[in-house]
Amino acid sequence: MTRLFFVSANAGYGAYIYIVGLLGLILSGCAPVIFRRPVPKQPQTSLHQAIFKRTDPAGQLLWQLRAEEVEVAGEVVQLKQIQGTFYHKQEPIYSLQAPHGQVHQYSHFIQLQGPIVVKNVRDRTTLRSQRIQWHPKTGQLMAQQQVLLQHPHFEMKGQRFQASTQTRQSRLSGAVTVTWLNRNLQLQAQEINWLPRQKTLSAHSMIPARVTVQPSADQPLTSNKWQHVQAQRVNWLLPSQQLVFDEAVEIRSSESKMHIKSPRLVMSLTEDKWHSPRGLHVQYQGISAQAKQGRLEASQTLHLQDQVQVQGLPQQAQLRAQTLTWNMATQKVQARGQLVYQQLQPWMRMTGTKAAGNLREQTLEVEGGEAVVEIVP
C-alpha cells in the first residue's frame with residue numbers, strides 16, 4: 001500500500017521516469033541486452049603454521065617450506081614468515097628465510113620477497129636479496145635487487161644473481177664489486193663467477209670496460225702501494241692466494257709513478273710479489289724497460305730476464321742484457337749476460353758480461369774479460 005501510494009502521489013514524476021526509460025530502449029536499437037554473471041571469486045583457504053613439500057615424479061624431495069600464514073587461491077599459494085630448504089638429488093642445498101613468498105603450483109617455481117637470506121650449505125656462502133626465484137626442475141636460483149653474496153673470505157655486491165645446482169657455479173652481474181675481507185682490496189667488473197669446486201673467483205669484462213682491482217677505503221693495495229690494476233680477465237685462486245690478471249694488464253704505483261703493461265701478471269697476496277711469465281713493459285720517470293719475463297718484489301726491486309732492453313737512460317743511452325735487477329728505491333741497477341751499452345752524447349759503446357751503476361747518479365761500470373769501450377769524439 002505504501003508503494004502504490006508513493007507512485008500515485010508522484011504520478012507526473014513516475015510517468016516521466018517510465019517514458020525516459022522506454023525512450024532509452026528505443027534509442028538503443030535492436031542490439032540485444034546481454035546480462036553477464038559476475039565472475040565468482042576463487043575460493044580461498046587460510047592456514048596457520050603450515051608445511052608444504054614438493055617431490056618430482058620419482059618421489060625425490062625438491063623443496064620444503066614452513067610458513068606462519070598461508071592463503072591458497074587457485075594456482076598461487078601466498079606465504080608469510082617462511083623458513084625452508086631447497087634440495088637437489090635428495091641433498092639439501094639451500095636453507096632460507098623470507099617474510100613473503102608465493103608458490104606457483106602448476107609452473108612449480110617459488111618466488112620470495114625480501115629481505116631474504118639464503119644459505120648454501122655446500123660452499124659456505126650466504127645470499128641476501130629483495131627478490132629471489134627458485135626453479136626446482138632446472139635447479140636454478142635467481143635473485144635481483146640489492147644482491148649480496150657473502151663468503152668467509154670475500155663479499156660480492158651486484159644487481160643480478162644466478163646459480164645452478166647442476167654446475168655448482170654462481171654468476172653475479174651488473175656493476176659487481178668484490179671486497180676481500182682482511183686485505184683492503186676491491187675488484188670491480190661487469191660480471192663475476194664463483195666456482196666453488198675450484199675455489200676460484202673469475203671476473204671478465206667486455207671491451208672497452210676493464211676489470212679493476214684497487215685499494216678499498218683509501219688503503220694501499222699491498223706494501224708496494226699500487227693504486228690500481230686493470231685487465232680484461234682476473235682470476236682469484238683462493239688456495240694459493242694468487243690474483244691472475246690476463247689480457248691487456250696495466251698496473252700503476254701511487255708512490256713511484258711506475259707503469260707496467262703485460263699480457264699476464266700474477267700477484268701473490270701472501271708474499272706480496274708480482275710475476276709475469278709472458279713478458280712485460282715498464283715505464284718509470286722517462287725510462288722504459290722490457291723483457292720476456294719479470295717479477296717485482298715487495299722491496300720495490302724489479303727483476304727482468306730474457307732479452308732485456310732498457311731505453312731512455314741519461315745521455316740518450318740504451319742497454320741490452322740477459323738479466324737486469326733494478327732497485328726502485330735506491331736506483332741501483334745490475335745487469336748480466338751478453339751486455340751491450342750504447343749512448344749518443346758523447347757516442348760510446350761498451351760490451352761485457354756484467355755491469356753495475358746508479359741511475360740517479362748517472363754512473364755505470366761495465367766489467368768482463370772481453371769488455372770493449374769505443375769512444376768517438
Given labels modelled 7 Å from the Cα in the Cβ direction, how far is it in nm from E361 to H100? 7.5
Set of aspartates and glutamates near K332 by C-alpha distance (under 17 Å), chain-local residues within fewer than 8 positions excluded: E297, E361, E365, E367
Straight distance only, please: which aspartates and glutamates reach the Cα of K137 with their own Cα at less than 19 Å, same-chain residues fewer than 8 apart left out? D56, E75, E91
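For the range 231-279, count the residues as N, evaluate 2.2 N^0.38 Å, and divide the Cα radius of gyration by that value, please. All intermediate terms of the calculation are to be shown ahead of the outcome.
Values: Rg = 10.8 Å, N = 49, 2.2 N^0.38 = 9.7 Å.
After normalising by residue count via 2.2 N^0.38 Å, the value is 1.12.
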Can you spot the aspartates and glutamates whose alpha carbon is less than 20 Å from K157's alpha carbon? Ignore those fewer than 8 places along the same chain. D123, E191, D218
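Rule-based calculations on the coordinates, nothing more; no lab input. As the structure is a computational prediction, the values presented were derived from the model and not from experiment. Here Cβ is always computed from backbone atoms with ideal geometry, including for glycine, and neighbour counts include all displayed protein chains.
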